[in-house]
Every structure is written in structure tokens, then in C-alpha cells.
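The structure appears right after this line, and notes come after that.
Throughout, read-outs are computed from the coordinates displayed, never taken from laboratory work. Keep in mind the model is a prediction, meaning the values are calculated, not measured. Heads up, the Cβs are rebuilt from the backbone with ideal geometry, glycines too, and the neighbour counts pull from every protein chain shown.
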Amino acid sequence: MATNINISSLESNSFKENKLKRNVFQEGLFAVYKPKGWTSAQVVNYVKKHSKTKRVGHGGTLDPFAEGVLVIAVGRKYTKKLTDILKNSQKEYLAEILLNKKSDTYDTTGNIINVEIKEIPSKEKVQFELLKFVGEIEQLPPPYSAIKIAGTRACDLIRKNRFSFEEIKKVIKPKKVIINKIEILDYKFPLLKLKISCMSGVYIRSFAKDFGEQLNCGGILKSLIRTQVENFQIETAIRLKNDNQSIL
């Protein structure tokens, strides 16, 4: 039986805050809680200001829209270890999907349109269709993403009006990714709450869009929390406070 987890209980201010000294970021690998609205690069810059080295990197981009675990490496010895995390790590997400809407970003930050639903899918139908996304699947990354085309991020090409959304969509190539497990936490149409375990390279936004199409509905992310990357877990992630660049 699926465990019913309230995603709202995992918002940034609900976890016990780590009481840390200013120079907590010595050399090593850390799980940092990326706040919603921050870019992954902003977190890296933050850590640089609170460490004794400028060699800082992260183990996998988390969209500004999303929040949760971002693996941070401090020091040359540890930044070299990020390659394995970037390319071959297991991750866990809590996702909220709206099945009655579509958007160009595949989440609520884009241009949203309402979808006319002819038949509301039952929970049994949702469960059945989810099984088709477990295992190795082919997935097309979102046009609004950091995937690079001729050395420039696709999202930047669209935002600078160098290419249209549809032009970028035609250029991006699908790739094979692995989803290990999908668990329904709650379903009250149009809101579907899932726990997703997958390997590196999976775009949860693309999954939401593709799954909605599989149901003949819409599909956009309402919220996304990364709760785990390998052994780095959200409960022990370092919390950042955007207050004069201090750490709680």
C-alpha cells in the first residue's frame, strides 16, 4: 500500500534547520537544500563565499522552480567526484502534477492553457498508465532547459529570441533514461502527487507532460522537491538563509 505523504509538509521552512557556523563549508561533499527560486549556480556562488576555496561545483542542476537536495563539492579532490554523481546516480523526487493544464515550460512558470477534459481518468487508469513509464524509456528534454545546442543553453536561445520554441523542439534529440519506481501518494483530479525514483538524466517536467499526453489530458508540474541523491538526503541537507549571505 502506498504511503500517503503530504508534499506540503516538505516545504523549505518545515524541516529542522541546521545550526551551522559561518565557515561550515570545508572541503568535502555536502547535501545542500536549494531553496525554491534559486538557481543551482546561485547556490554554488553562495558556497564559494562561505568556503576557503573557489573550487566549488554541484552534482546536477535543479531548476529554479524546484527545491531540495543539491549535492555540492568543495575542493579539487571532491569536485572530481561529481562526474559519477552527474552521470550515474539514483535520485528521488516528490512531484505534484496538474492534469488539466499545459504549458510551454511543462510547469506553472510558463504560458499556461487549460485543457478540455472529455473523461476524468480513474485512479486505476492512472496507475496502469504509470507502469508504462517505469524502466528504460525514451524522453525528449524540455526546450526550456539547460541542455546545450551549439554551446548555448536551449532556454537562453528561446528567451533571447534567437530561435522559437518549436524550432528548438525540433533540434533537441530524445534520449534514453531510466525510471526505477513511481508511487502514487494522492490523486484527486486534477492534482496527482507522486514519488519518483529515477537515475540521472530524467526530466520530471518532461515526464509530467508526456504522462498527461498518455492520459489524453494536460500535464504540468505544480511543484517539485528532490528528496535524495544517492546517500544525500533532504533531512540532513544544509539549509541556507538569504539574509546578508549568512548561514543558519
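Using the basic label-point model (7 angstrom from Cα toward the beta carbon), what is the K176 to L140 distance in nanometres?
Inter-label distance under the simple model: 2.0 nm.
Among the listed pairs K132/K176; K102/K169; K125/K181; K175/K209; K48/K87; K102/K209, which have their C-alpha atoms separated by more than 19 angstrom in this model?
Beyond 19 Å: K48/K87.
Just to check I understand the Karplus step: with θ = phi - 60° and J = 6.51 cos²θ - 1.76 cosθ + 1.60, what whole-Hz values come out for the range 59-68, glycine and proline as x?
Going residue by residue, I get x, x, 4, 10, 3, x, 5, 8, 9, x Hz, with x marking Gly and Pro.
Name the long-range amide H neighbours of L62: under 5 Å, sequence gap of 5 or more, or other chain; modelled H, no Pro or chain starts.
S40
Quick check: residue separation of Q26 and M199 times 0.36 nm, minus the Cα distance between them. What number comes out in nm? Don't skip to the answer; put the middle values down first.
Values: separation 173, 0.36 × 173 = 62.28 nm, distance 2.82 nm.
Using 0.36 nm per residue and subtracting the Cα-Cα distance, I get 59.5 nm.
Would you mind calculating the gained length between E167 and T109 on full extension (0.36 nm times residue separation, minus the Cα-Cα distance), in nm to one decimal?
Extra length available between E167 and T109 comes to 18.8 nm.
For L240, list long-range residues whose amide hydrogen, built 1.01 Å from N in the peptide plane, is under 5 Å from its own amide hydrogen.
Sorted by chain and number, the residues that satisfy this are Y33.
Give me I234, I72 sorted ascending by neighbouring Cβ count inside 10 Å, so fewest comes first.
Numbers: I234 19, I72 28.
Fewest-to-most Cβ neighbours within 10 Å comes out as I234, I72.
As a footprinting exposure proxy, order H50, H58 by other Cβ within 10 Å, with the fewest listed first.
H50, H58
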